[in-house]
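First up is the structure itself, then whatever we jot down about it.
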Amino acid sequence: MLRIKDIDTYYGHVHAIKKISVNVDAGEFVTLIGANGAGKSTLLKSIIGLQPVKNGSIEFLGERIESDRSDAIIRRGISIVPEGRRVFPDFTVAENLAIGARARKSTSAEMQEDIDKILDQFPRLKERWKQKAGTMSGGEQQMVAIGRALMGRPKLLLLDEPSLGLAPLVVAELMTKLKEIHAAGATILLVEQNVTLALRVAQRGYLMESGEIIASDDAKALLESDAIRKAYLGIE
Ligand code: ATP
C-alpha cells in the first residue's frame, strides 16, 4: 500500500532522513520506533507532504505521491493523528469529528455512518458529544484526534506518538483501542517512543536512529532483539 524508497529529507543543512525505505502492506499494523530526534515525525511529515523529500520515491496504492500537496495526499486516503493531538479546543467533540469529515468531502449520509462507527469504537466520545474538546482529559482528547482522523474512512492511518503525556493506564487503553481499530480493518503506521508497548500491539516494526533505519523485523522478534534490549530495556 505504502512504499517509501530511499528517501532523504533535510531541514536546511540538517539531514534528518537518510536514504530510508519503509513498506506498509494493506491491512498491516506497522510501528516506527526510536528515541527523541531520531527522525520519526519527519518521516511522517514527508509522507503527508509537509516536508519536502529530496531523493527517492513514495508510492501510495501504486502511485507516486512524493511531489503531491498535503491536501491531495489526504484525499488519496491517508489520515494523520498529529503529535500533541491538536484537537480544536473550543469546538465540541461533534464539531471536531465534522471537521475530519469535511477534509475528506464526505456526504452527510457517509458522515453519519462514520460517526456511528466511531462512537461504537469510542463510547466515551458519545458521553462527551457536546463537550468542548479543550476541557477533556489528555486520553479523551487523543480519542477525539483518532476519531477525527478516522472520519472519511482513511485507507492508511498514521499516528505520531499518541502515548505522549498520557498516564500508563491511559496509554494501555489507547493501545488496546488501536488494536481494535486494526482488527476492524484499518491499516496503521504508528510512530512511538514507547518501544515496548508499540511492539506489543504492532505486527512489524522499524527501529530508527539518527535518521536511519537500523533494524526491522516482526514486532515480536524486534522486541527480543539485542538492538532493542540493549538500547531501550537496559538489558546487556
Ligand atoms: P521526537 O520524538 O522528539 O519528535 P523524532 O524522532 O520524531 O523525535 P524529528 O522530530 O523527526 O524526530 O527530528 C529529527 C531531526 O530533525 C532532529 O535532529 C531535529 O532536531 C531535526 N528537526 C526537526 N524539525 C526541525 C525543523 N523544523 N528545523 C530544523 N531541524 C529540525
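Cβ separations smaller than 7 Å between residues 6+ apart or across chains give the following pairs from the stretch 26-39 residues that are closer than 17 Å to I78 by Cα and open to solvent by 10 Å² or more (accessible area, probe 1.4 Å) to residues that are at pLDDT 95 or above and assigned to a loop (DSSP other than H, G, I, E, B): A26/M1; A26/T187; G27/T187; E28/T187; E28/Q203. For E113, the criteria (1) part of a helix (DSSP H, G or I); (2) within 19 Å of H182 (Cα to Cα); (3) modelled with pLDDT of 90 or more hold in every case but one, which is (3). Looking across the stretch 99-118, the residues that are in contact (Cβ under 8 Å) with a residue 24 or more places away in the chain, hydrophobic (A, V, I, L, M, F, W, C) and over 20 Å from I48 (Cα atoms) come down to M111, I115, I118.
Out of L174, L178, one residue alone is within 23 Å of A26 (Cβ to Cβ) and away from the ligand (no atom under 16 Å from the Cβ). It is L178.
Restricting attention to the stretch 99-110, which residues are part of a loop (DSSP other than H, G, I, E, B) and either within 20 Å of the chain's Cα centre (by Cα) or acidic (D, E) (or both)? So that I can check it myself, show each step before the final result.
Let us first name the residues in the stretch 99-110 that are part of a loop (DSSP other than H, G, I, E, B), namely 104-107.
Across the stretch 99-110, the qualifying residue is only R104.
Determine whether the stretch 36-56 contains at least one residue that is more than 16 Å from the ligand (Cβ to nearest atom) and not charged (D, E, K, R).
Initial filter on the stretch 36-56 (more than 16 Å from the ligand (Cβ to nearest atom)): 55-56.
Add one more test, that the residue is not charged (D, E, K, R), and what stays is 55-56.
For the stretch 36-56, residues more than 16 Å from the ligand (Cβ to nearest atom) and not charged (D, E, K, R): present.
Applying the selection to the stretch 89-114, what residues are over 17 Å from K155 (Cα atoms) and of a type outside the set (G, A, S)? First the steps, then the outcome.
Pass one, the stretch 89-114, residues over 17 Å from K155 (Cα atoms): 89-99, 107-109, 112.
Once the filter is applied, which keeps residues that are over 17 Å from K155 (Cα atoms) and of a type outside the set (G, A, S), the stretch 89-114 yields P89, D90, F91, T92, V93, E95, N96, L97, I99, T107, Q112.
Looking only at residues of the stretch 187-197 that are modelled with pLDDT under 95 and hydrophobic (A, V, I, L, M, F, W, C), we find that the one that is farthest from A16 (Cα to Cα) is L197. Of all residues in the stretch 204-220, none satisfies the criterion of being in a helix (DSSP H, G or I) and either buried (at least 20 other Cβ atoms within 10 Å of the Cβ) or within 16 Å of the ligand (Cβ to nearest atom) (or both). Would you mention how many residues in the stretch 86-98 are part of a helix (DSSP H, G or I) and either in contact (Cβ under 8 Å) with a residue 60 or more places away in the chain or among the aliphatic types (A, V, I, L, M) (or both)? Going through the stretch 86-98 one residue at a time, the tally reaches 4. If you go through the stretch 12-25 and keep only what is within 12 Å of the ligand (Cβ to nearest atom), open to solvent by 30 Å² or more (accessible area, probe 1.4 Å) and in contact (Cβ under 8 Å) with a residue 24 or more places away in the chain, you end up with H15, K18.
Going through E59, E83, E66 one at a time, which residue ends up being closer than 21 Å to L189 by Cα, in a loop (DSSP other than H, G, I, E, B) and modelled with pLDDT of 90 or more?
E66
Checking each residue of the stretch 182-203 against the condition of being in a helix (DSSP H, G or I), among the small types (G, A, S), more than 14 Å from the ligand (Cβ to nearest atom) and surrounded by 14 or more Cβ atoms within 10 Å (Cβ to Cβ) gives no match.
Picking from residues in the stretch 63-80 that are touching a Lys or Arg at 6+ places or on another chain (Cβ under 9 Å) and of a type in the set (K, R), the one that is most open to solvent (accessible area, probe 1.4 Å) is R75.
The values are calculated or read from the model by the stated rules, or taken from the named source; none is laboratory data. Only a predicted model underlies this, so the values are computations on that prediction, with no experimental measurement involved. All Cβ positions, glycine included, derive from the backbone under ideal geometry; neighbour counts span all protein chains shown. Keep in mind that these areas ignore ligands, DNA and RNA; they rest on the heavy atoms of the full protein, side chains included. Shrake-Rupley method; radii C 1.70, N 1.55, O 1.52, S 1.80 Å.
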